[in-house]
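Please read the structure below before turning to the comments.
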Number of protein chains: 2
Amino acid sequence: MYGAIEAGGTKFVCAVGTGPGDLETVQIPTTSPSATLDAAVEFLRRRRTELHSVGIASFGPVDLNPESWTYGYITSTPKPGWRNCDLAGAVRKSLGVPVGFDTDVNGAALGEARWGAARGLSDFLYLTVGTGIGGGGVSGGRVLHGLVHPEMGHIRVPHDRIEDPFEGSCPYHKDCLEGLASGPAMQARWGIPPRELSPDHPGIALEARYLAAGLATWVCTLSPQRIIMGGGVMQQSRLFPLIRAELLRLLNGYIEAREITDCADQYVVAPALGSRAGVLGALVLAEEAARRAD
Amino acid sequence: MYGAIEAGGTKFVCAVGTGPGDLETVQIPTTSPSATLDAAVEFLRRRRTELHSVGIASFGPVDLNPESWTYGYITSTPKPGWRNCDLAGAVRKSLGVPVGFDTDVNGAALGEARWGAARGLSDFLYLTVGTGIGGGGVSGGRVLHGLVHPEMGHIRVPHDRIEDPFEGSCPYHKDCLEGLASGPAMQARWGIPPRELSPDHPGIALEARYLAAGLATWVCTLSPQRIIMGGGVMQQSRLFPLIRAELLRLLNGYIEAREITDCADQYVVAPALGSRAGVLGALVLAEEAARRAD
């Protein structure tokens, strides 16, 4: 039995179990670190005697460098109270079990790889489009980490200011992809929540174009075998066919792979685990931590 | 002793040796596949009794999938005569030794990792800016491959058509990064070869901005510990400080890593192996092929 925490900016999803079939979960609103972590640990403590380890898939930025003294911390987040919060350390100290730690999107990628839409794939991208935009990349069967960790939502994409005068909502970059295509960006541009846009609203086609521009860049950079797109904005399922068509238009036959050109509906897909990808990924992180500890 | 072939669109660089200290090289102009390969094989055959294996770092697109029946081929190149050319197979059949095979930029990345500017790094990017733009990425100590292989030059970047009305020179994408910032794109935009642009020509600053936009996207996607920039266009060494400054401006402090913010002159660097990165990388591919065969 493993413990799992998907640490999000609005809620923590905590779970115990071994996989999608036996997962017992609870949701905790994200308030202060101490209140939220106390509630999360309390839920896990009830099962402590059975827990081998705990995995945490967290919002960020986080410190993933095992050599660093702030490993397992949430670092420079603007979220009040959470800056320099020792998430992994707090859970390890409270429960006395090994703790695995990664970003929320890397967690979701691991969940989809184990039980979802990326089973059997060595190279793929999990993307979430919601309050922010984030990507978890897997290459050669390994999650991309690097110097810090990827912040895929902040890539630059073409922005035609005549067609779309919205200047972008990212406080750091204005019109990076997240600044143009996150849920809050759509809300700011059109004045209504993304989920209330009718399927033929021009905001849907524009959103598909920005997201496809991001996908084209990642196809050229990472050469994924599949791209999984989750998050609140992707609940607008009309986006999927528009994104696929625009991606093919942008690539324009340059990448010769039938997986893309002939099977786009299998190339850009929704998460098979739906909103449970993140917490199930945290379970995979727990397994890995237990294996390392053995 | 290993054999190495850096297969380029204008020349093949062939070598035998064990590293930078004892490399014996020869250059062969790229004409027809049979003439070019005959000359390359002839050079290597003279040392055949000493050769454990040969490595090839090739222009592309190439087939890197070991399960594919066209593994080791150059595939869909527009270069006359070279489409569907069985490069690795021809060398293996002629010399009867194991052959390692990868893209030219992946090869250069491996060379820099072994003997050059990426020694000791697990995550970095090697970029070449010349006739085309290509990138070799290493993540967690492994070269990025994926569904086909990366084609990093073809990412999309912002293009202000008022400031730069040049429509882009990529036959597939017009104004992708390669279409805006390769050597031929610069030549087409300004009417003179890139190396003849004076350091204060506006084309140099514009070039730095496009390349920095690409770098910002790759920093957010791959989180490299360092970016190595080679190729003919980068001979304009004035580009380096301009690119570093523009990269910092674009990232705007969002990626909190002193390696980037405080040490940009060590973060974006020239190849330590200069123009020998590719052929030395082919030597690393040969070593790997020999190890696999043992």
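Structure values in brief
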read-out: Leading residue by the ranking (farthest from the other protein chains (Cβ to nearest Cβ)) among those in segment B:140-160 that are farther than 16 Å from B:ASP102 by Cα and outside any loop (DSSP other than H, G, I, E, B); value: B:GLY153
read-out: Matching residues, segment A:102-117, being out of contact with any helix residue (DSSP H, G or I) (no Cβ under 7 Å at 6 or more places or on another chain), away from every other protein chain (no Cβ under 14 Å) and either within 23 Å of A:VAL91 (Cβ to Cβ) or crowded, with 23+ Cβ neighbours inside 10 Å (or both); value: A:ALA113
read-out: Yes/no for B:ASN65 being at pLDDT 95 or above and of a type in the set (S, T, N, Q); value: no
read-out: Where A:TYR172 falls short, out of the listed (1) crowded, with 22+ Cβ neighbours inside 10 Å; (2) facing chain B (nearest Cβ under 9 Å); value: (1)
read-out: Pair list, Cβ under 9 Å, 6 or more apart: segment A:171-191 residue more than 16 Å from A:ALA205 (Cβ to Cβ), other residue part of a helix (DSSP H, G or I) and among the hydroxyl-bearing types (Ser, Thr, Tyr); value: A:LEU177/A:TYR210; A:LEU177/A:THR217
read-out: Extreme residue, surrounded by the most Cβ atoms within 10 Å (Cβ to Cβ), among residues of segment B:54-76 that are within 19 Å of B:ARG292 (Cβ to Cβ) and among the small types (Gly, Ala, Ser); value: B:ALA57
read-out: Residues satisfying the stated conditions in segment B:247-275, i.e. at the interface with chain A (Cβ under 10 Å from one of its Cβ atoms) and either polar (S, T, N, Q) or in contact with a helix residue (DSSP H, G or I) (Cβ under 8 Å, 6 or more places away or on another chain) (or both); value: B:LEU250, B:LEU251, B:ASN252, B:GLY253, B:TYR254, B:ILE255, B:GLU259, B:ILE260, B:TYR267
read-out: Per-region count, segment B:50-62, residues in a loop (DSSP other than H, G, I, E, B) and either modelled with pLDDT of 95 or more or touching a helix residue (DSSP H, G or I) at 6+ places or on another chain (Cβ under 8 Å) (or both); value: 5
read-out: Residue within segment B:209-231 that is of a type in the set (Lys, Arg) and in contact with a strand residue (DSSP E or B) (Cβ under 6 Å, 6 or more places away or on another chain) present; value: yes
read-out: Strands (runs of 3 or more DSSP E) completely within segment A:1-47 that count 3 or more residues being within 15 Å of A:ARG92 (Cα to Cα); value: A:2-7
read-out: Residue in segment A:118-139 that is farthest from the other protein chains (Cβ to nearest Cβ), counting only those that are assigned to a loop (DSSP other than H, G, I, E, B) and farther than 24 Å from A:ARG195 by Cα; value: A:ARG119
read-out: Residue identified as away from every other protein chain (no Cβ under 14 Å), closer than 22 Å to B:LEU273 by Cα, under 17 Å from the mean Cα position of the chain (by Cα) and not aromatic (Phe, Trp, Tyr) among B:ILE5, B:ILE28; value: B:ILE5
read-out: Candidate set from segment A:247-294 (those that are in contact (Cβ under 8 Å) with a residue 40 or more places away in the chain and basic (Lys, Arg)); member that is surrounded by the fewest Cβ atoms within 10 Å (Cβ to Cβ); value: A:ARG292
read-out: Flag for A:HIS201 being over 17 Å from B:MET152 (Cα atoms), at the interface with another protein chain (Cβ under 7 Å from one of its Cβ atoms) and at pLDDT 95 or above; value: no
read-out: Residue match in segment B:131-143 (condition: surrounded by fewer than 22 Cβ atoms within 10 Å (Cβ to Cβ), within 18 Å of B:ALA213 (Cα to Cα) and without any contact (Cβ under 8 Å) to a residue 24 or more places away in the chain); value: no
read-out: Search result, residues across segment B:216-246 that are more than 10 Å from every other protein chain (Cβ to nearest Cβ), surrounded by 17 or more Cβ atoms within 10 Å (Cβ to Cβ) and in contact (Cβ under 8 Å) with a residue 60 or more places away in the chain; value: B:ILE227, B:ILE228, B:MET229, B:GLY230, B:GLY231, B:VAL233, B:MET234
read-out: Residues that are closer than 27 Å to B:MET1 by Cα, free of Cβ contacts under 8 Å to residues at least 40 places away in the same chain and hydroxyl-bearing (Ser, Thr, Tyr), drawn from segment B:53-103; value: B:TYR71, B:TYR73
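The values are calculated or read from the model by the stated rules, or taken from the named source; none is laboratory data. Note that the coordinates shown come from a computational prediction; the quantities given were computed from them, not determined experimentally. All Cβ positions, glycine included, derive from the backbone under ideal geometry; neighbour counts span all protein chains shown.
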